[in-house]
1. Kindly indicate whether any position in the stretch A:320-339 is away from every other protein chain (no Cβ under 14 Å), in contact with a Ser or Thr (Cβ under 6 Å, 6 or more places away or on another chain), modelled with pLDDT of 95 or more and over 30 Å from A:PHE56 (Cβ atoms).
2. Do the conditions hold for A:VAL231, that is, is it modelled with pLDDT of 95 or more and either touching a Lys or Arg at 6+ places or on another chain (Cβ under 6 Å) or at positive phi (or both)?
3. Out of all the residues in the stretch A:429-454, which are more than 11 Å from chain B (Cβ to nearest Cβ) and in contact with a helix residue (DSSP H, G or I) (Cβ under 7 Å, 6 or more places away or on another chain)?
4. At least 2 residues that are within 14 Å of chain A (Cβ to nearest Cβ), closer than 20 Å to B:LEU134 by Cβ and at pLDDT below 95 in each: list the helices (runs of 4 or more DSSP H) lying fully within the stretch B:1-114 that qualify.
5. If the requirement is being within 14 Å of chain B (Cβ to nearest Cβ) and in a loop (DSSP other than H, G, I, E, B), which of these qualifies: A:LEU165, A:LEU193?
6. Based on this model, can you work out whether B:LEU81 counts as closer than 17 Å to B:VAL15 by Cβ, touching a residue at least 40 places away in the same chain (Cβ under 8 Å) and not polar (S, T, N, Q)?
7. Where residues in the stretch A:396-454 are of a type in the set (S, T, N, Q) and surrounded by 19 or more Cβ atoms within 10 Å (Cβ to Cβ), which of them is modelled with the lowest pLDDT?
8. Within the stretch A:152-196, work out how many residues are of a type in the set (Asp, Glu), within 23 Å of A:ASP35 (Cβ to Cβ) and crowded, with 22+ Cβ neighbours inside 10 Å.
Amino acid sequence: MSLLQEERDIIVSNEYVDSFDFAEVKEFVKNASKDLFISHHFKNADKMLVQPRGGFPTYKKQFALNEFFVNANVDVLPLTIDSNTRLNDYSTASRMLRLSEENDVDMLNGYPLVNHGYRTTRKMITHFNKPVSLRHGTPDARLLIETAIASGIFDIEGGPITYLLPYSKNFPLDKAFLYWKYVERVCANYSELNEPINRESFGPLTATLVPPAITIVIQLLEMLLSLEEGVKSFSVSFSQTGSMNQDIVTGAVIKKLAKFYAEEIGCGDAAIHLVYHQWMGAFPMDKDFAEQLINMSTVIASMVGADKIITKTREEASGIPTKEANAKTVANTQYTLRILNGLPTIVDEEEEDILTLEVKAIMEAVFNDPADTLWRKVFNSIKNGIIDVPFSPHIINHNEMITIRDANKNIRIIERGNVPIPDRCFEYEKSKCDLTKDTTSIVNDIIHDIGIMM
Amino acid sequence: MLGNNAIMKVVTGVVGNDIHVVANRLIDLSLRARGFEVFNLGVNTYLEEFFDAVVETGAEVLLISSLNGEAEGWAREVKTLKAKYKHLDNLILMIGGNLVVGTGKAEDIVPRFKNYGFDLVCHQVDLNTGLDMLEDFIEERNSQ
């Protein structure tokens, strides 16, 4: 028996798991409907796929939510996992699930997939016969991903960097790399049986003034870590920056460089897709304004040429949305996409050149780290600040990079810390900003820049 | 400003199971801009960690922040815990942010938190106003 299979046997031997039958799961994936695979839809769709967010604790409510989505003409169903499961606390999840079932009050902020188990969940997934995307935030997602794939969920979000740096203060990053390596290998192995399992990285990160260069570098690195384990379908992603031009430039550069680096490591045969997140920062309380913002995000996603868009709702500012509000965004977004025709092509060569140079310089510094494997190089680069994510709560993050918006609301780097932004690019970024102000005014500008959509 | 005084040290961080990091980073930046030496413990910090850091760094100011509304549960423990440490009598204790769950009036909240042992209490006060209050407090104390 291989080491991986030994580890898998240990992972599924958990008191909250009702006997895991690997042979049966293998047969299921092999014969599963192509419609369940987002990779199949990416190959054949002639439009941007629309996917909302959403997860409820009980099977009944999740089923009802999915029904609403399907009636709103959804392309990809979400399954958002509760916070206890994300921290591997299946015992609390189990108790809260029982309370939710008995009292008809939601005691969890998502669907506790491990507690429901794959036999139950598979009934729901195969009933709707739509691709499902797993949304979580789990550093150690090994059991969760085994359960998800066994349930028929073939689009797996996350990664060791993007699910750690925005969400955790002190979960050990080196462990996260190893846990995600397991996930990549399991996804790669299942991909040989039918259509490929798609992996998706979480580009929004902290969604707080993250400059495109940092977003793209992290997207590319998680993509490479996934492809080198044998994954054949991968989605890079980013969220609306606040400047339409910066979004278009980011989309162009990430597409170009994803292809370039995939080929560099001999994985040019993998299919790479682009996912765009509607505005991930603070939303306006006014629900009509929120709808305008959502609609504008859809227009920008079309300009960017995204393959999938992930939606927000008019209730974003006030908490977890109702299924009605959630389905409404899906219908509205589909409508906007249908009537958006004859879009112009916009290319900003100067901005693309600057961003490309920045990304390549950071990537080169990562590859030049003396460690022997890619994940160790990436780990070291985060530790020594070559990669620095603004507003990450994690203790390993350097927090030396400072960004503000310029007059056109582009996010600009005004302090680079240890990030090897080439001098020419750094001078360009700074030249767009008014740096004559004192730090107190700059802090006030940052507060304003974070809340631009309010 | 601090005049001719030596550089003052501040320990800061977000108390309890609170992961809201944005204001924490901005407090850090602003304190540095005002000439303080900052020891930022980040989000998700427990009271013991704050006091340990004050002892370790010899800080004159402890600035605790909180956004998720759970500060009061932690604030109640401050006096008891501080009493367990030696040489903290001159420590300036400040708390700021969104200090209660739901809505509350500053005129009720401020005296309550002062009673818990805080010298300065800023409930939903703008960052720079709060830091001005801190500098005024330090100046007043130094002139005594």
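The values are calculated or read from the model by the stated rules, or taken from the named source; none is laboratory data. The structure presented is a predicted model; accordingly, all values stated were derived computationally and were not measured. Every residue, glycine among them, receives a Cβ derived from its backbone with ideal geometry; neighbour counts consider all protein chains shown.
1. So far as the stretch A:320-339 goes, no, none of its residues is away from every other protein chain (no Cβ under 14 Å), in contact with a Ser or Thr (Cβ under 6 Å, 6 or more places away or on another chain), modelled with pLDDT of 95 or more and over 30 Å from A:PHE56 (Cβ atoms).
2. Working: modelled with pLDDT of 95 or more: yes; either touching a Lys or Arg at 6+ places or on another chain (Cβ under 6 Å) or at positive phi (or both): yes.
Judged against the criteria, A:VAL231 is a match.
3. A:MET453, the sole residue that qualifies.
4. On the way: elements: B:22-33, B:47-57, B:71-75, B:78-83.
Ranges flagged: B:22-33.
5. Details: A:LEU193 fails: within 14 Å of chain B (Cβ to nearest Cβ).
Exactly one residue qualifies, and that residue is A:LEU165.
6. Numbers: closer than 17 Å to B:VAL15 by Cβ: yes; touching a residue at least 40 places away in the same chain (Cβ under 8 Å): no; not polar (S, T, N, Q): yes.
So B:LEU81 does not fit the description; no.
7. Restricting attention to the stretch A:396-454, the residues satisfying the condition of being of a type in the set (S, T, N, Q) are A:397, A:399, A:403, A:408, A:410, A:418, A:431, A:436, A:439-441, A:444.
Applying the additional criterion that residues be surrounded by 19 or more Cβ atoms within 10 Å (Cβ to Cβ) yields A:397, A:399, A:403, A:410.
On the way: A:ASN397: 97, A:ASN399: 94, A:THR403: 97, A:ASN410: 98.
Selected residue: A:ASN399.
8. Here is the first cut: in the stretch A:152-196, the residues of a type in the set (Asp, Glu) are A:155, A:157, A:174, A:184, A:192, A:195.
Retained after the next criterion (residues that are within 23 Å of A:ASP35 (Cβ to Cβ)): A:155, A:157, A:192, A:195.
So of that shortlist, the ones also crowded, with 22+ Cβ neighbours inside 10 Å come out as A:155, A:157, A:195.
Looking only at that region, the number is 3.
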